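Each remark here refers to the structure printed beneath this line.
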Amino acid sequence: MKIYNFYILSISTALLVGTVVMTALGVKTLATYYTVYVAVALAITELFIHLDAKAKRSLTVISIVLFIGFLFALSLQILRIIS
């Protein structure tokens with residue numbers, strides 16, 4: 001199995017487990033789902049960056065995009081709390 005296939009399988013499994021756990025806990029806000037998904041994806045991406053030097057370039061771009069999305073969701077929550 002190539003590293004990209006294992007990466008996709010790992011992310012899919014982790015997001016599925018995260019969805020099941022959040023549903024079981026009764027989470028209803030979309031922001032919470034998004035934040036958990038981004039955290040899981042960033043964690044798995046960071047693990048895979050160290051496994052293959054070639055994959056590091058493309059996975060770094062994915063990490064940056066996910067982190068920007070996380071900062072956007074965080075800033076929306078901060079604005080909601082302040083106002």
Taking the range 20-54 and keeping only residues that are surrounded by 12 or more Cβ atoms within 10 Å (Cβ to Cβ), within 26 Å of residue 81 (Cβ to Cβ) and of a type in the set (S, T, N, Q), one is left with 32, 35
Next item on the list: Restrict the check to the range 65-80 and report whether at least one residue is at pLDDT below 85 and outside any helix (DSSP H, G or I).
Entry: no
Flagged pairs (Cβ under 6 angstrom, 6 or more apart or on separate chains; first in the range 41-65, farther than 18 Å from residue 17 by Cβ; second of a type in the set (D, E, K, R)) are 49/56
Selection from the range 66-83 of residues over 21 Å from residue 46 (Cα atoms) and either in contact (Cβ under 8 Å) with a residue 24 or more places away in the chain or surrounded by 13 or more Cβ atoms within 10 Å (Cβ to Cβ) (or both) yields 76, 77
Of the listed residues (79, 47, 51), the one being over 11 Å from the mean Cα position of the chain (by Cα), aliphatic (A, V, I, L, M) and more than 22 Å from residue 4 (Cα to Cα) is 79
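The values are calculated or read from the model by the stated rules, or taken from the named source; none is laboratory data. Note that the structure is predicted; figures quoted are calculated from it, not measured. Ideal geometry is used to build each Cβ from the backbone, glycine not excepted, and the neighbour counts take in all protein chains shown.
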